[in-house]
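See structure below.
The values are calculated or read from the model by the stated rules, or taken from the named source; none is laboratory data. Everything numeric in this text was worked out from a predicted model, so none of it was measured. Cβ placement follows ideal geometry from the backbone for every residue including glycine, while neighbour counts extend to all protein chains displayed. Surface accessibility is based on the protein's heavy atoms, side chains included, excluding ligands, DNA and RNA. Shrake-Rupley method; radii C 1.70, N 1.55, O 1.52, S 1.80 Å.
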Amino acid sequence: MYEVKGFQSIEFEELIRKVNEFLSSLADDNLIDIKYNTTPLDIRSHTEYGVHPDSKYTALVIFKK
């Protein structure tokens with residue numbers, strides 16, 4: 001049987017940490033695929049470092065149960 005688990009965060013590093021924690025709990029050869037997506041939500045105001053978009057990062061982990 002196959003399952004999908006979703007993750008989301010507005011911080012890319014946090015998303016990576018969550019996905020890695022989940023992957024460490026999977027048995028060997030149970031991972032099928034990981035789908036990542038980035039969605040821009042808003043453009044933050046200009047700063048001295050430029051324009052920084054506000055984004056949401058998502059991942060779907062497809063695995064065998």
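For the reader, a short list of remarks on this structure follows.
- Total residues in region 1-24, condition surrounded by 12 or more Cβ atoms within 10 Å (Cβ to Cβ), of a type in the set (Val, Ile, Thr) and closer than 9 Å to residue 63 by Cβ: 0
- Scanning region 1-21 for residues that are assigned to a helix (DSSP H, G or I) and in contact with a strand residue (DSSP E or B) (Cβ under 6 Å, 6 or more places away or on another chain) returns 12, 15, 18, 19.
- Residue list for region 1-24, filter: hydrophobic (A, V, I, L, M, F, W, C) and at pLDDT 95 or above: 4, 7, 15, 16, 19, 22, 23
- Residue, least open to solvent (accessible area, probe 1.4 Å), within region 25-65, restricted to residues that are more than 20 Å from residue 13 (Cβ to Cβ), in a strand (DSSP E or B) and at pLDDT 95 or above: 63
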